[in-house]
Every structure is written in C-alpha cells, then in structure tokens.
Amino acid sequence: MTPMLQLQDVSRSFGGLKAVQGVSLSVPAGSLTALIGPNGAGKTTLFALMSGFLKSDSGTVVLDGRDITGQAPELNARAGMARTFQIVQPFAAQTVRENIAVGAHLHEPRRALALLAAEAVAARVGLTGLLDKPAGDLTVAGRKRLELARTLATQPRLLLLDEVLAGLNPQEIGEMIPVVRGIADSGITVLMIEHVMQAVMNLAAHVWVLAQGQLIAQGTPAEITTNEAVVEAYLGHGTAARLRKAAA
Amino acid sequence: MTPASKDLLRIAIFACGVALLLQVLNSGVALNFVMMALYAALLAQAWNILGGFGGQFSFGHALFFGTGAYVQAIAQLQWGWSPWLALPMGVAVSAAVGGWVGALSFRYGLKGSYFALVTLAFAEVFRIMATTVPFTGAGVGLMVPLREGFANMQFGSRRGYAMLALGLVVLALLVTCWLRHSRFGAWLQAVRDNEDAARAIGVNPFRVKLGAIALSGGFMGAAGAFYVQVFQYIDPGIAYGAHTSVEALVGAIVGGMGTLWGPIMGALALHVLADLTRNLFGQLPGINMVIYGTVLIMMVMFAPRGLAGVGQSVRQLWKGRP
C-alpha cells in the first residue's frame, strides 16, 4: 500500500541553523501518528515543509504517490492535505459558520451549500452551539476546535495537526481527545505534533521523535518512553545513565 | 428569506427611493448635492471592494479613476466613440490597469503600508506621464465639447447625471452584495483576515486579490468616466491627484469597511459635513480635506468599524442583546 505521506531526506537551514536535517519518514494511510520532540526541535518547520509554507533545501515530499515537493500550500490543500496552526488563526471578523464555510468552499462553489456543510462539520467537533458567534469571541478551546473544523471542511485525506491541545486545561484536553479520535476513525490520516504526552499515549499508533532537526527515534508510544535517546533529548545528556543508577 | 435576498430587497428599496427623490426634487442645489453624494459613494464603494473586503489599503485609487476618465475623454475626442461605449471601455481599461498593478505588487507579497506606497507611486507616475505625453492633452488637459442630448450622455439638468450616478452606485451595491454571499467574497474576506490560514485551506490569495483589485479599479474607472461627463474636462491633476484617492478611502473607512451600506453612509455624511463647513468658512481652499482628515482620525480612534458599525451596536442595544 502506498503511504499517505512520504518524506525522503528532507533538509532545511536558516542561515547557519540546520532546522531540519535529512528527515525521512513514511505515514501509513489511515493511521493516527504523532511527531514529538523538545522545544525548538524543528517540528513546526517540518510541518511547514510538508504543507508547502516553506521550501526544502533538499529532499522530496510525496503525497499519496504524487511528488508535491515545493508545491504551494493552497495546491496541497486541493490535493487533500490540510493543516492547522499552533498559534490559532481564526478569521476573527467572521462568524464560526462563515469560518468553516471557507474550508467547505474548496470543493463547493455554492454559498448556501457551503454554509450547510459548515453546520455538519461543526457538529463533528462540537461547535454547533457557537455557529453564529464571531470567531474572535471564542475561547482558546473554541478556537482550536474551529481550526480543526475549518480544515475538516476541506474534506482532507491527510490532516496535519500542530498542537491542537496546547493551551487547553485538562478537562478541555479530555474533551478534545475523542474528537481527534473520531476524525481518524472516519478514515482521515492524521499526523499530529503534540506536547501533551497523555494524548500521544492515548491516540497515536506510531511516534516519531525529532530533536535538533533530526529524527532520533520512532516506534510505539510505549517503546518511545523507554528509549534512552529520547529521555536524554528531553532531560539532558547523561540523564539516562543517572536514572539507571538511581533505580539500581 | 435568505440573507442574500434580504440584501437585494434593501438595494431595490434604496434604488427606487433615490430615483423617486430625484423626480421630486426641483432645486438645482439639491439635485447637485444628491449627484455629488452619489458620486462620492461610488468612489468609496470602489475602494471598499479592495480595501474593505480584501484588506489591501490602496492610497492611489486615483490611478484607476484617472484612467477611466482619460479613456472616456480620449475615446470621444480622438476616436469619435459614443460616451455610452466609452464608459464600459474605460471600466475595462481601469480594471486591466488594476490587474497589472495588482499582479506586480501581489506577486512580490506587498502588504500593508508597502502596498499603499506602491499604489501611491503608480498614481504619481501616471500623473507625471499624463502631463508629458501628447494624447492626454498634457498639462492643458482635455475638454469634451458641450453637446447636450441623451445620446451624448450629456443632460440638461443635474437630474440626468444623478440618475446615471445612481445606476452605477446600484451596480456597485449589487457587486458588493455578491461579495457578501459568494465563494469569491468568502475567499477574499478570508485572505483579508488571515492569509496563511486561508492558504492552508486551499485559497489562492494571489488570484483572489487580483480579482478584487480589477473589480475595484473598474468601478473607480466608471467614477472617472462619470466625472468627465459631468464636468467635461480632465487634466492630470484632477485625474491622478491624491484628492480622489483620499476621498475614496475616507468615505469607505468613515462609513465602515467591508460592509454593504457603509460607503454610502460615509460619503453622505462627509458631503453633509463638507457643505456645512463651506457655509461656515466660505470657499476656504482645501478646508474639506482638513475636515476629512479630522473626521478620519476621530473615526479610527473612537469608531473603527465606521458608521455602519456604530449603527449595528445601536441596533443590538435596541434589541437588548449585548
């Protein structure tokens, strides 16, 4: 089976800073996977390279068997890849319904039908009661849901979620996890960047760990948490050895 | 009733109401006032398409105004065209100039004050060119001879011109209504509010902004052509001077950017104000620009959503909703 998304040796530098170095990964179709790593590891840069907001210095990005390296984000969205932003970006002057309808318009030229589709999508992410509110009035949790809804409305095959749980309180996280699970269950391939480990352990079948621009480990969430390289990347060099000594 | 048909009904009521008013009014002063207010509304509506709905603040909309005006004059004087043919031609050429300037600026991602400066520069370049090349009559300008008659788009009284302006304003209202209730309009407002977010869900900002500047330029060109028909004279200063650009953007900002009725309310309010001050101060040259500047600062500080925004707040208070 062709993977939904395949990265081959992708690199990108900003001046002397190698933000992403030779990353290769393959996201199986229909999977729910996660990309984790400490702050500044290059996760968001990698997302930008996948979705076309940044051009890579080298390497290729293949979406469902089609080379999309360097293709503009709007064309990627048309090809079925949509992304959310870590810092939520609502169209603040418009209502929730209008916000979601912009996504629905990708495949639906008629206004009335796009607005109708927005209602259906809002129900999927639990925004039904807020449809006529201005997007600027939403809480952080509401904005995260809106971000999700807008991308869902484009009927993507691959969804890149950049920290949809960041900034939420434990209760809100608890409410959001089933929403993400529901999206994956509906057949959409989901790749998420996430800091909330509770969610990663709960949701992801496979995890990639990025540190200083390089992939340092991958595997199931259980494998990752016991991986020494991962522990060191998060807690500092030599930590794994110290922890072993303390345990002994 | 869908929101779109509600808008259309209001536009129909507005059109009939103003048309009726123009039949009833008999004083030349009153007719002139309505005509000039409609003309100012058209300028503000044109600017509102790009500035209000697209968030691209142009400071050089005179570029399109002047182009429409010159096409209207040149087509009649040098090619012997009917003004009724010249006007759509002027609109098309202005729209094309809009597309050209838009392609150049949006291609390189110019935004905010950079875009404003580039449009200002283009208008200035055109003004200087118009003073030097011969077919615009250079600094002397072009005069369209007086030949009263419907076929020449020259009317015996201001009533005819006001009806023509009303027609153009209603057309602009219809296009604005379309922006409010169509995919293109939704895309344009999405790009205005957040370009990156719009791209992430499949909107091509370049194409959308290009469409908006062409539409906006077209209506500005229509206003220029209308100006030539009314005053039968155009020179580089009138055509491409900053005055028209300022009038267009102040009307739209004072009235309420990105709204259907804001530009009309803004233009009307400014004209009432300008007439009042003219009565107070006499013909002090440039006094209306001083007033416009003051009003603009006050509106931006205290009512950034314009008169339409104030109206909305009052209406919500009336309904008892926060």
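Some observations on this one:
- Convex hull volume of segment B:1-107 per residue (C-alpha atoms, cubic angstrom): 150 Å³
- Anisotropy class of segment B:3-242 from Cα gyration tensor, a/c 1.5 cut: oblate
- Amide hydrogen proximity for A:Ala217: with H placed 1.01 Å from N in the peptide plane, the residues at 5 or more positions away or on another chain lying under 5 Å are A:Val209.
- Summing Lys and Arg as +1 and Asp and Glu as -1 over all other residues whose Cβ lies under 13 Å from the Cβ of A:Val190 gives a net charge of 0.
- Ranking B:Leu173, A:Gly103, B:Phe53 by how far each Cα lies toward the positive end of the dipole of the protein assembly as shown (charges on Cβ) leaves B:Leu173 at the top.
- Net charge of neighbours whose Cβ lies under 15 Å from the Cβ of B:Gly241, counting Lys and Arg as +1 and Asp and Glu as -1: -2
- For residues of A:104-113, the mean tally of beta carbons on other chains within 10 Å: 4
- Centre-to-centre, using Cα atoms only, segment A:199-248 and segment B:244-271 are separated by 60 Å.
- Under 25 Å of direct C-alpha separation, and excluding same-chain neighbours fewer than eight residues apart, B:Lys209 reaches these lysines: A:Lys55, B:Lys111.
- ³J(HN,Hα) computed for each position of segment B:41-50 - Karplus, 6.51 cos²θ - 1.76 cosθ + 1.60, integer Hz, glycine/proline x: 4, 4, 4, 5, 5, 4, 5, 4, 4, 7
- Separation of segment B:115-165 and segment A:104-176, taken as the distance between their Cα centroids, equals 49 angstrom.
- A simple count of charges around B:Leu166, restricted to other residues whose Cβ falls under 13 Å of its Cβ and scoring Lys, Arg +1 and Asp, Glu -1, yields +2.
- Cα-based shape type of the protein assembly as shown, given that a ≥ b ≥ c are square roots of the gyration tensor eigenvalues and the cut on a/c is 1.5: prolate
- Assigned charges on the beta-carbon of Lys, Arg, Asp, Glu; the protein assembly as shown dipole about Cα centre (debye): 580 debye
- Average 1/r across all pairs of distinct alpha carbons in segment A:1-131, invert it, and you get the Kirkwood radius: 16.6 Å.
- Between A:His206, A:His105, A:His237, the Gaussian network model of chain A with springs among Cα atoms under 10 angstrom shows the greatest mean-square fluctuation at A:His237.
- Two-decimal ratio, chain A, of alpha-carbon radius of gyration to 2.2 N^0.38 Å: 1.04
- All lysines inside 18 Å of A:Lys144 as judged from Cα atoms, apart from same-chain residues fewer than 8 positions distant: A:Lys133
- Number of partner chain Cβ atoms within 10 Å, mean per residue of A:66-75: 3
- Across B:Pro205, B:Pro88, B:Pro145, mean-square fluctuation computed from a Gaussian network of chain B (C-alpha pairs under 10 Å connected) peaks at B:Pro145.
- Among the trypsin sites (Lys or Arg not before Pro) found in segment A:98-201, those both in a DSSP coil and sparsely packed, with 15 or fewer other Cβ atoms within 10 Å of their Cβ, are A:Arg110.
- Near A:Thr69, the amide H atoms lying under 5 Å from its own belong to A:Val61; only residues 5 or more places off or on other chains count, and H is placed 1.01 Å from N.
- Each peptide in B:94-103, B:173-182, B:128-137 was scored by the mean count of other Cβ atoms within 10 Å over its residues; highest first, the order is B:94-103, B:173-182, B:128-137.
Rule-based calculations on the coordinates, nothing more; no lab input. Because the structure is predicted, anything quoted here is derived from the model rather than measured. Methodologically, a virtual Cβ is constructed for each residue, glycine included, from the backbone with ideal geometry; neighbour enumeration extends over all protein chains shown.
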